[in-house]
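Enquirer: Next up is a structure, given as C-alpha cells.
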Amino acid sequence: MDFLMLFLIYSCFVLATVALLCICWGRKESFLTRSINGASQVLSFVIPTPFQRVTQRVLHRLFHTRSCLFVVLHIALQAAVYGEYTWEVFVYCWELQFHLLLLLLPYLLLAGNMGSFILCSRANPGIITKSNHVSLVKTYAYDGVLFQKGIVCPTCNMEKPARSKHCSVCSVCVHRFDHHCVWVNNCIGAFNTKYFFLYLFTLTAMAATIAIVTAAFLIQVVLLSDAMHGTYVDDQGQEHTVEIFFLIQHLFLTFPRIVFMLGFVLLLTLVLGAYCCFNLYLALTNQTSSEWHKSRRYGCSHHPTLQPHDRRVVYKNIYSKGVWMNLKEIFKPLTVLERKKKT
C-alpha cells in the first residue's frame with residue numbers, strides 16, 4: 001500500500017491547503033501574505049544576513065510585482081497533463097474503441113481555453129486614465145458605504161470612480177476591479193471579466209473531461225480483466241477476494257502516471273468547479289470579489305472590525321438589477337450613455 005498511501009497523503013495535503021485558503025479568505029490580512037511573512041521570519045534565522053535581502057527581493061518580485069512565473073507554471077502543468085493524456089490515455093482508449101469525439105473534446109476545450117487566456121491576459125481590464133476618467137466617474141453611482149465620493153488615489157492622483165480600486169501589483173486604478181489574477185498576469189476588471197469567465201469555464205471543463213475519459217478507461221480495464229471477481233494472496237499466505245482498495249493499488253502500480261493524473265485533475269475539477277460557482281454567484285448578484293470581500297465587514301451591525309461610529313452601517317448592493325441585466329453587464333460593460341437611458 002506504499003504508493004496508495006503516498007497518493008492519499010498528497011491528496012489530503014492539497015485538500016487541507018485549499019481548506020485553509022477558504023477559511024482565511026475573508027480576513028483583513030490575506031492568508032498568502034501572512035504565510036509569506038511567516039516564512040520570511042523563519043528563513044531569517046536560517047539564511048545568512050547577506051542572502052536575506054536577495055530572498056526578500058525574490059519574494060517581493062514573485063508576489064508583489066507582475067511576473068510570468070505563474071503563467072509559465074500554468075503552461076507547464078497543462079503540457080504535463082495533456083502529454084500524459086495524449087501518449088497513454090488517448091492511445092489506450094483508441095484501442096478500446098472509445099468514441100473519437102469524446103477523445104478529441106479535451107483538445108477542443110484546450111483551443112478555447114488558450115484563446116480566452118490570451119484575450120484575458122492581453123485585454124485592457126479597464127485602466128483609469130486622465131482621458132477616460134470623467135466618463136468612468138459617471139458610470140456607477142457611489143453607494144456611500146464601500147465607495148465614497150471624493151476619495152483620491154494617492155498613487156494615480158485622481159478621484160476614484162465607484163467600483164474601482166488601485167492594484168498595487170500593476171500600479172494602476174482599474175474600473176470595476178475584481179482581483180489581480182497571477183495565472184493570467186493581469187487584473188480582472190470591467191472590460192476583460194467576460195474573457196476571465198470563459199477562461200475559467202473552459203479550464204474547469206478541460207479538467208472534468210480528462211477526468212471522465214481517464215476514469216472511463218480505468219473502469220473499462222477493470223471490467224475487461226474481470227478483476228473484481230478475482231482473489232489475491234496476502235503476505236501471510238491467506239487468500240482474499242479483491243476489494244476496492246486493493247483494486248486501486250493494483251491500478252496505481254499498473255498505471256502510476258495515469259492514476260496520479262486522474263487524482264490531480266479530479267482535485268482540480270472540484271476546486272475550479274467551486275470557484276466557478278462562486279464567480280457565477282458574483283455575476284448573478286452583480287458583485288466583484290473585491291466588493292464581496294469588503295461587504296462582509298458590514299454584514300453584521302456588531303462586527304468587531306468596525307469602528308464605533310460605523311457599527312450601525314449595513315451594506316446593501318445597489319448595483320444589482322436582476323439576473324438577466326447582471327449577466328448582460330458582464331459581457332457588455334455598462335457605459336455612461338446606457339446609465340442615462342435607464343435613469
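Enquirer: Could you list, in sequence order, all residues of the stretch 133-142 that are assigned to a loop (DSSP other than H, G, I, E, B) and in contact (Cβ under 8 Å) with a residue 40 or more places away in the chain?
Expert: Selection gives 138, 139, 140, 141.
Enquirer: If you don't mind, another one. For the stretch 147-166, give me each residue that is under 25 Å from the mean Cα position of the chain (by Cα) and surrounded by 19 or more Cβ atoms within 10 Å (Cβ to Cβ).
Expert: 163, 164, 165
Enquirer: Residue check: is residue 340 modelled with pLDDT under 80, in a helix (DSSP H, G or I) and of a type outside the set (Asp, Glu)?
Expert: yes
Enquirer: Okay, moving on. Which of the residues belonging to the stretch 125-141 are closer than 24 Å to residue 197 by Cβ and among the hydrophobic types (A, V, I, L, M, F, W, C)?
Expert: 127, 128, 136
Enquirer: On to the next question. Identify all residues within the stretch 162-192 that are of a type in the set (S, T, N, Q) and in contact with a Cys (Cβ under 9 Å, 6 or more places away or on another chain); write none if there are none.
Expert: Result: 164, 171, 185, 186, 192.
Enquirer: Pairs please, first residue from the stretch 108-126 and in contact (Cβ under 8 Å) with a residue 40 or more places away in the chain, second anywhere and part of a loop (DSSP other than H, G, I, E, B) and β-branched (Val, Ile, Thr), Cβ atoms under 6 Å, 6+ apart in sequence or on different chains.
Expert: If the second residue must be part of a loop (DSSP other than H, G, I, E, B) and β-branched (Val, Ile, Thr), the pairs left are 120/184; 121/184.
Enquirer: Among the listed residues 249, 307, which satisfies the condition of being more than 30 Å from residue 212 (Cα to Cα), in the same structural domain as residue 89 (by TED's automatic domain parsing) and at pLDDT below 90?
Expert: Exactly one of 249, 307 is more than 30 Å from residue 212 (Cα to Cα), in the same structural domain as residue 89 (by TED's automatic domain parsing) and at pLDDT below 90, namely 307.
Enquirer: Got at least one residue in the stretch 139-148 being of a type in the set (Phe, Trp, Tyr) and closer than 22 Å to residue 331 by Cβ?
Expert: Taking every residue of the stretch 139-148 in turn, at least one turns out to be of a type in the set (Phe, Trp, Tyr) and closer than 22 Å to residue 331 by Cβ.
Enquirer: Quick one: residue 169 ticks every box in (1) at pLDDT 90 or above; (2) in contact with a helix residue (DSSP H, G or I) (Cβ under 9 Å, 6 or more places away or on another chain) except a single one, so which number is it?
Expert: For residue 169, the exception is condition (1).
Yes or no, residue by residue, for (1) of a type in the set (A, V, I, L, M, F, W, C); (2) in contact with a Phe, Trp or Tyr (Cβ under 6 Å, 6 or more places away or on another chain); (3) over 30 Å from residue 185 (Cβ atoms):
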{"site": "97", "(1), (2), (3)": "no, no, yes"}
{"site": "102", "(1), (2), (3)": "yes, no, yes"}
{"site": "115", "(1), (2), (3)": "no, no, no"}
{"site": "122", "(1), (2), (3)": "no, no, no"}
{"site": "138", "(1), (2), (3)": "no, no, yes"}
{"site": "155", "(1), (2), (3)": "no, no, no"}
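Enquirer: Looking only at the stretch 201-211, decide whether some residue is in contact with a Gly (Cβ under 7 Å, 6 or more places away or on another chain), closer than 19 Å to residue 70 by Cα and assigned by TED's automatic domain parsing to the domain that holds residue 81.
Expert: yes
Enquirer: Looking at (1) under 30 Å from residue 270 (Cα atoms); (2) basic (Lys, Arg); (3) without any contact (Cβ under 8 Å) to a residue 40 or more places away in the chain, which is the one condition that is false for residue 194?
Expert: (3)
Enquirer: Quick one: what pairs do we get from the stretch 170-181, first residue free of Cβ contacts under 8 Å to residues at least 40 places away in the same chain, second polar (S, T, N, Q), C-beta under 7 Å, 6+ apart or different chains?
Expert: From residues that are free of Cβ contacts under 8 Å to residues at least 40 places away in the same chain, the pairs are 171/155.
The values are calculated or read from the model by the stated rules, or taken from the named source; none is laboratory data. No experiment lies behind these values; they were computed from the predicted model shown. Quick reminder, even Gly has a Cβ in these numbers, built from the backbone with ideal geometry, and neighbours come from all protein chains shown.
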